Amino acid sequence: MGGTPTDLKLIDENGRRIDGRLPEEMRPLKIEAGVLKRADGSAYVEWGNNKVMAAVYGPRECHPRHLQNPERALVQCHYNMASFSVDDRKRPGPDRRSHEISKIISEALTNVVFTEYFPRTSIDVYIEVLQANAGTRCAGLTAASVALADAGVPMRDLVASCAAGKVADTVVVDLNKEEDNFGNADIPVGYVPRTGEIVLLQMDGDLSQEQFEKGLGMAVEACKKVSVLQRDALKRRYAAKADEGAEPTEIREGA
Ligand code: UDP
């Protein structure tokens with residue numbers, strides 16, 4: 001957010017954005033499920049110039065023990081941005097921003113996981129941002145949902161996420177870095193397609209009520225497209241698993 005450099009035109013005379021997109025157009029999104037062998041579930045997302053990995057462990061015994069809930073599982077997200085993920089090297093380790101993002105993603109996912117099935121446990125979700133270009137919390141939440149499904153964690157639905165915002169007085173979806181820096185507002189949304197619930201909603205910047213409602217509607221439409229790609233990634237993963245099952249089992253020397 002902030003003042004636009006005078007030579008930067010965020011919306012051109014044809015209504016196109018700085019990277020050529022129309023207002024309701026998302027950046028290209030690719031999702032792959034089951035990319036890590038050691039995790040119980042995982043997913044990798046490339047969304048525009050964002051590259052994000054999510055890994056899930058659990059349900060497993062909750063540590064520290066005083067956090068255990070005798071009635072349900074605790075969904076604990078750990079969001080981290082690699083020091084090489086941004087232009088200026090990011091100081092490694094947690095900071096206020098990563099704590100905030102971890103908290104809002106944990107809360108969004110808690111809404112869809114059947115936590116009551118796994119009392120006293122913790123379901124740990126690790127989100128590693130390898131390359132950032134604005135919208136990493138949405139990419140992280142989208143990847144985390146797929147990773148949870150890949151881990152076999154029972155859920156009401158996947159959470160799909162995308163932001164809307166305002167640049168040069170135009171409401172747009174899925175802001176890139178320039179738009180995030182020099183635009184007027186950003187509204188990340190987490191949406192549950194099956195129930196129509198919104199499980200993540202933040203707002204940064206200035207919007208009229210009308211612009212907010214328009215942005216929210218556009219973000220929800222974008223989330224529905226994200227949801228289709230999440231499901232496709234899981235279907236590909238299950239098809240690959242079925243193929244693996246058909247192959248002869250590995251024979252180890254000396255076994
Ligand atoms: N960013 C950065 N350094 C930081 C934090 C963020 O360069 O320490 C960049 C990064 O590209 C990020 C963007 O600013 O994606 C927008 O950050 P924001 O806090 O709005 O979260 P996001 O849009 O990634 O969910």
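Close amide H contacts of residue 175 (hydrogens built in the peptide plane, cut-off under 5 Å, sequence separation of 5 or more or a different chain): 163.
For the range 91-167, the pair-distance distribution built from all alpha carbon pairs, in bins 5 Å wide starting at 0, is 3, 13, 25, 24, 16, 11, 5, 2, 0, 0 percent. For the chain, a Kirkwood radius taken over Cα pairs fed into Stokes-Einstein (10 °C, viscosity 1.306 mPa s) yields D = 83 µm²/s. Normalised by the number of residues in the chain, the average gap of Cα pairs under 8 Å and 6 or more apart makes the relative contact order 21 percent. When Lys and Arg each count +1 and Asp and Glu each count -1, what net charge do the other residues less than 14 Å away from residue 183, Cβ to Cβ, add up to? Computed value for this residue: -4.
Amide hydrogen proximity for residue 167: with H placed 1.01 Å from N in the peptide plane, the residues at 5 or more positions away or on another chain lying under 5 Å are 172, 184.
Once backbone amide H atoms are built at 1.01 Å from N, residue 77 has 106, 125 as its partners under 5 Å, excluding neighbours fewer than 5 places away on the same chain. Note on the range 35-120: Cα Rg divided by 2.2 N^0.38 Å, N the number of residues, gives 1.25. Computed from backbone phi with θ = phi - 60° and the Karplus coefficients 6.51, -1.76 and 1.60, the 3J(HN,Hα) list for the range 122-135 is 10, 10, 9, 10, 9, 10, 10, 8, 8, 8, 10, 8, 6, x Hz; x is used for glycine and proline.
Taking other residues whose beta carbon is less than 13 angstrom from the beta carbon of residue 18, and scoring Lys, Arg as +1 and Asp, Glu as -1, yields -2. Using just its DSSP H runs of length 4 or more, each adding -39500 (n - 2.57), the chain gives a mean residue ellipticity at 222 nm of -10000 deg cm²/dmol after division by all residues. 3J(HN,Hα) couplings calculated from phi for the range 180-192 with the Karplus curve 6.51 cos²θ - 1.76 cosθ + 1.60 (θ = phi - 60°) are, in sequence order, 5, 6, 10, x, 9, 6, 9, 10, x, 10, x, 10, 10 Hz; Gly and Pro show x.
For the peptides 186-193, 63-70, the ranking by mean Cβ contacts within 10 Å, running from highest to lowest, is 186-193, 63-70.
For the chain, with only Lys/Arg (+1) and Asp/Glu (-1) charged at the beta-carbon, what is the dipole magnitude about the Cα centre, in debye rounded to 20?
Dipole magnitude for the chain comes out near 640 debye.
Across the range 235-241, computed HN-Hα scalar couplings (Karplus, 6.51 cos²θ - 1.76 cosθ + 1.60, θ = phi - 60°) run 5, 4, 5, 5, 5, 5, 5 Hz from first to last residue, x flagging Gly and Pro.
Read-outs: derived from the displayed coordinates by stated rules, not from any lab. What you are looking at is a predicted structure, and each value in this text was computed from that prediction instead of being measured. Cβ atoms come from the backbone with ideal geometry, glycine included; neighbour counts cover every protein chain shown.
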